Structure formats: C-alpha cells, structure tokens
Amino acid sequence: MFKNIQKYLLINYPLLWNTKVVPTTFILIVINLIFFFIGLEKGKLDFFENDNNYTYDDEAVVIFFSILVSILLLIMWLVFYFKNNSFKSFYPKRTLSLFKEWSIVLFICFLISLFTCSYYYGKDVRMRSYFTEQEAKKRCEILSKASFFIQGSYSNNYNYNDYSEVAVVQEAKAAVMAADTAVATNDSIKFNGKKYSYFSLLNKNLNSYTFFDYDTDSIRKKTIKTWLVNQQKDSIKSIFKKYLAIAKEHNLKANIDENKWFDLVYDYPSFMNYREIGASDVNYEYYENVNVKQDSVNKYIKVIKGVKYEYYRYFVPEKSLNFNYNKISEAWVSPNMNFTSILIPFYFAIALSLLIFGFRVTSGRNWLIAVISLGVVSILLGIFSIIINSDYSFAIALILLTTFTFIYFFATISIKKSKNISGVILNAMLWLFPSFFPLVYYVILEILKDLAQAGPLDYLQSEYYPAIQFMKDNGLIFGYLNIVFIIILMLFLSVKIKQWRGLAEG
C-alpha cells in the first residue's frame, strides 16, 4: 500500500514523496498510540495502595524507551530524507516550497517529540475516567471533612512565645482572611468566644486536595467546628456514613461504622476525651522506648514472625483513600498534559526542525562550523556574565548576537556578491531567532524587578508591580504567540533563503 502511495506522490506531489511524510506519519501515530495505551494501563489505580506500600513505578523506564525510540526513528527518517535534495541541486522550486518543506519537517519532529506526552496523557485519561470532575470533587470534600476526625496533626502547632511580633501579625491576618475565629495561645485556642484545650478535637487539621485552596479548607474546617459545638450530630454522622460508603465501594476495610466512630470521637463540650482513629490498621513497626510510654488506649502490639508491630484499635482506610484520591484530584486540577506542558514538545520540535532545515539549505561544513562557533561564543559570553555578575547580561548578549546574524544575512542578500560565511551565519540565525522574544521578555521582566526593588518599597507594592504581574500572568499566552511569530518569520525567511541560494559561492 505504501509503495503505491509513494509512487503516486512521486508523480504528483514530489515534496511529499521526498519527505516520506505519509509512511512516517502513519508509523509515528501508531507508536504514539502505543505509548498512550501504556499510559492508560499505568494510570490504573490500586485503591489498596497507600504512600507506605505503593509498588515500584517504572515510569522512568517508559520515558527512557520513549526517548530511545524517538532517536532511532529520527535517524531512520533522516537517512531517507537526506537521500535527495532538490534545493541543493537547483531543481526548480516555487516561492513557498521551502516553507512547505520546513512545515512538513516540523510536523514530523512534533510527532517524534510526543511519545512521552502520549504516555502521560494516557495516565491522565485513565485517572479521570474513574469519576467526573464534579463527582471527584464531591468525594474529595467528603474525605477532607472526615479526615478531621482521623489520626493527624493539630492546627496552630507552635508555641506562641516562640513567634516574633511580625509572625503573630501575619498569622492573625491569615486567620482573618480564612474567616476562622480560632486564635492560638500557649496551651489553648478560642473558637466563637470560648476557650478550648490546644489538644482538643477542635484544633485538629484536615487533609486537603488540589481541588481546594487555603480559604475553602479553612471554611470547611470552621463548618466542622460549628457542627461540633452546636451538637449537629446528624451532620457529623452523615459525613462518616458517606466516607465509609466510599471505602466500601473500593473494598477497603474499616473496623467501625458511623455510629461507633461518632461515639469514639464526640465529647461535648470539652472535646478532650476522644479516641484516636487510625488512618490504617497498622501504625508502624514497634520499638520499645523507655522514655515514651506505649499508647495502650488507642493502640496495641502484635507480634508477627518475631517482629513487633503497633496496630490501631479503631481504624478507617484513610491512607489508601487519601493516596489515590490525591492522584485523581491532580489528574483533574493539574494534569501532566496541559497547555503549559505541551509547549515543551512544541519548542523541542521547532528546535529540531530548524537544525535539520539549516543542514538542508546550507551544507554539512557550514552546519558543523556554526555548531562549534555558537558553542564557543556561548561559553565566552557565559564566562563574561559570571565576571561582571549580571543576571541578564548573557540574555542581552544573545539578543545582540541574533540581531547581528539578521543584519549580516540580509546585507549579504542585498549586496548580491557572494555567500562568503553567510552559510554559517544563516545556520546561527535559524537556531537563535526562536529564543529572541523570550529573551527580550525575560530581560524586560528582570529590569522591571530591579527597578521596583531599587525603590523604598517592596516591588509588590511599587508602581512597576502591575506590569510585572501582567507579564507573569500572561507568560503562557506569550509562549504560544512566540510560536506564531516563529511560523510567520519562517514564511518570510524561506523566501529570502531561496534568493540567497542563487548567490555565488565565496
């Protein structure tokens, strides 16, 4: 089939035939699908796993093989692609033929760069497939509320006297922002005007998920405290019941039901006499310590094959649920593949395509000299930047170098005498210009920060801050706009390179 297609392309579309785009695209799509399905398999959750017993993750092996396959396929494709070069043979070419050829090379390089991305996208799809975003968020809220009543740390876990006045003010501001009325002292907290022991149930932390921010967590915590002090027992039991239903759905075991759980933790009005509910049945391997008394009220010792382990008397599968639902939450809120991460294969493909294109339109000799020259110049510029101790002198030097290559190249075309070293300059220009505007962006941002910090106020409060914040907030948009700029400039440069090819050799 491919042989007949290639024969048809040779007669009707020689550019497509020469780049081997049809068979190469088919092969690359198939391999991307293979890595996608591998990701689907690796994204499968085992709800019995937790952060203490998760199995060996061979993700690094998959990434290594994806890179290895990419390199091998790239070499194989280049062998066929470099067999014929109508540009160097002065074969008649249309005005936009070079741009079309680069576009095809860019497309193939992009597919070659996607293997790892396909794998990660497969993992994201599999983790998202368990629940819709709305359902996953609802479940995480239930788990977060219930975690307040499970083994964990206390809030405001510091000694008031150890904090400076500034720190105390910052904590007070955070408390106001969170609409939480709890204030810590040496050994107690206040909630709704009443004082409670620092070690009371009211001072417990809860687990968070990426679905929620600090403010929503604080509101959720305040809601639970309100239920406790207002004796809203049905609300608390309802959370326990929903939590245990989720655990049962995943075949995870707990040795208490919602009523027993409530009886163990609810101690109105002091909330001091409550039992500790374990996040799993076993705590850890037990080592006797004469200075620390074993908690026989909440835990017990069990000997397995001569080794002592400490177990909780009452437990729920919090570790397993938290471990797995954190993954689901991450897959929805901050997936591996998003608009930011996809920029990596985009820019890698652009860099690779320009390396190939530079070799295609000049010569191996010019290409190699350009590589060595840019390497040496970069090292010298780096040393110079270190000597003068400037944060952005290296970036400014690269901007100037890129500008010089453009001026030299277009001056060579306008003079119309001979190429001389313009083949080397052309390669350098092709490799440098994609980073031109990102470097300008970086230099402007750093200069604005320096100007802001040089003033009497912190730059967060200075007149320059809106511009700084605007640049930070729109960095992703700028990254995509730069890709559009690269494509438009390559459209223009491909025409000029065709003119440059007609110049005499130096």
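The values are calculated or read from the model by the stated rules, or taken from the named source; none is laboratory data. Because the structure is predicted, anything quoted here is derived from the model rather than measured. A quick note on method: Cβ atoms are made from the backbone with ideal geometry, for glycine too, and the neighbour counts reach across all protein chains shown. Calculation scope for accessible area: heavy atoms of the full protein, side chains included, ligands and nucleic acids excluded. Shrake-Rupley method; radii C 1.70, N 1.55, O 1.52, S 1.80 Å.
Pick from LYS93, LYS137: which is outside any helix (DSSP H, G or I), at pLDDT 60 or above, open to solvent by 40 Å² or more (accessible area, probe 1.4 Å) and touching a helix residue (DSSP H, G or I) at 6+ places or on another chain (Cβ under 8 Å)? Result of the check over LYS93, LYS137: LYS93.
In segment 184-236, which residues are assigned to a loop (DSSP other than H, G, I, E, B) and among the hydroxyl-bearing types (Ser, Thr, Tyr)? Selection gives THR185, TYR198, SER200, SER208, TYR209, THR210. Checked against the criterion of being open to solvent by 40 Å² or more (accessible area, probe 1.4 Å) and more than 25 Å from the chain's Cα centre (by Cα), the candidates ILE415, ILE399 yield just one match: ILE415. Entry remark, segment 290-308: residues being among the hydroxyl-bearing types (Ser, Thr, Tyr), at pLDDT below 85 and surrounded by 10 or more Cβ atoms within 10 Å (Cβ to Cβ) number 0 in total. Taking TYR243 as the residue in question, decide whether it is in contact (Cβ under 8 Å) with a residue 60 or more places away in the chain, farther than 27 Å from LYS137 by Cβ and not in a loop (DSSP other than H, G, I, E, B). No, not satisfied. From the residues in segment 418-458 that are in a helix (DSSP H, G or I), open to solvent by less than 50 Å² (accessible area, probe 1.4 Å) and among the charged types (D, E, K, R), which one is nearest to VAL377 (Cα to Cα)? Among residues in segment 418-458 that are in a helix (DSSP H, G or I), open to solvent by less than 50 Å² (accessible area, probe 1.4 Å) and among the charged types (D, E, K, R), the one nearest to VAL377 (Cα to Cα) is GLU446. Is one or more of the residues making up segment 318-336 surrounded by 15 or more Cβ atoms within 10 Å (Cβ to Cβ) and over 30 Å from the mean Cα position of the chain (by Cα)? Within segment 318-336, not a single residue is surrounded by 15 or more Cβ atoms within 10 Å (Cβ to Cβ) and over 30 Å from the mean Cα position of the chain (by Cα).
Within segment 230-245, is there a residue that is modelled with pLDDT under 90, within 41 Å of the chain's Cα centre (by Cα) and open to solvent by 30 Å² or more (accessible area, probe 1.4 Å)? The answer is no; no qualifying residue exists. Is it fair to say SER70 is surrounded by 14 or more Cβ atoms within 10 Å (Cβ to Cβ) and modelled with pLDDT of 90 or more? Spelling it out, SER70 is indeed surrounded by 14 or more Cβ atoms within 10 Å (Cβ to Cβ) and modelled with pLDDT of 90 or more.
To keep it simple, each residue is scored yes or no on (1) exposed (fewer than 14 other Cβ atoms within 10 Å of the Cβ); (2) polar (S, T, N, Q); (3) at pLDDT 95 or above; (4) not in a helix (DSSP H, G or I).
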{"residue": "ASN4", "(1), (2), (3), (4)": "yes, yes, no, no"}
{"residue": "LYS7", "(1), (2), (3), (4)": "yes, no, no, no"}
{"residue": "TRP17", "(1), (2), (3), (4)": "no, no, no, no"}
{"residue": "LEU28", "(1), (2), (3), (4)": "no, no, yes, no"}
{"residue": "GLU41", "(1), (2), (3), (4)": "yes, no, no, no"}
{"residue": "PHE47", "(1), (2), (3), (4)": "no, no, no, yes"}
{"residue": "ASN52", "(1), (2), (3), (4)": "yes, yes, no, yes"}
{"residue": "PHE65", "(1), (2), (3), (4)": "no, no, no, no"}
{"residue": "PHE80", "(1), (2), (3), (4)": "yes, no, no, no"}
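Evaluating LYS88 against the criteria (1) at pLDDT 70 or above; (2) open to solvent by less than 90 Å² (accessible area, probe 1.4 Å) leaves one unmet condition, (1).
Would segment 200-207 turn up any residue that is under 24 Å from the mean Cα position of the chain (by Cα), modelled with pLDDT of 85 or more, buried (at least 16 other Cβ atoms within 10 Å of the Cβ) and not β-branched (Val, Ile, Thr)? Yes, the conditions are met somewhere in segment 200-207. Residue count for segment 291-338 satisfying the condition of being in contact (Cβ under 8 Å) with a residue 12 or more places away in the chain, closer than 27 Å to ASP46 by Cβ and assigned to a loop (DSSP other than H, G, I, E, B): 8.
Residues checked against (1) closer than 22 Å to ALA351 by Cα; (2) out of contact with any helix residue (DSSP H, G or I) (no Cβ under 9 Å at 6 or more places or on another chain); (3) touching a residue at least 60 places away in the same chain (Cβ under 8 Å):
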| residue | (1), (2), (3) |
| --- | --- |
| TRP367 | yes, no, yes |
| GLY375 | yes, yes, no |
| GLY382 | yes, no, no |
| ASN420 | no, no, yes |
| LEU426 | yes, no, yes |
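Scanning segment 463-506 for residues that are assigned to a loop (DSSP other than H, G, I, E, B) and among the small types (Gly, Ala, Ser), we see that the one that is least open to solvent (accessible area, probe 1.4 Å) is GLY502.
Counting only residues that are of a type in the set (Ser, Thr, Tyr) and assigned to a helix (DSSP H, G or I), which one in segment 339-363 is surrounded by the fewest Cβ atoms within 10 Å (Cβ to Cβ)? Step by step, filter segment 339-363, then rank; the result is TYR347.
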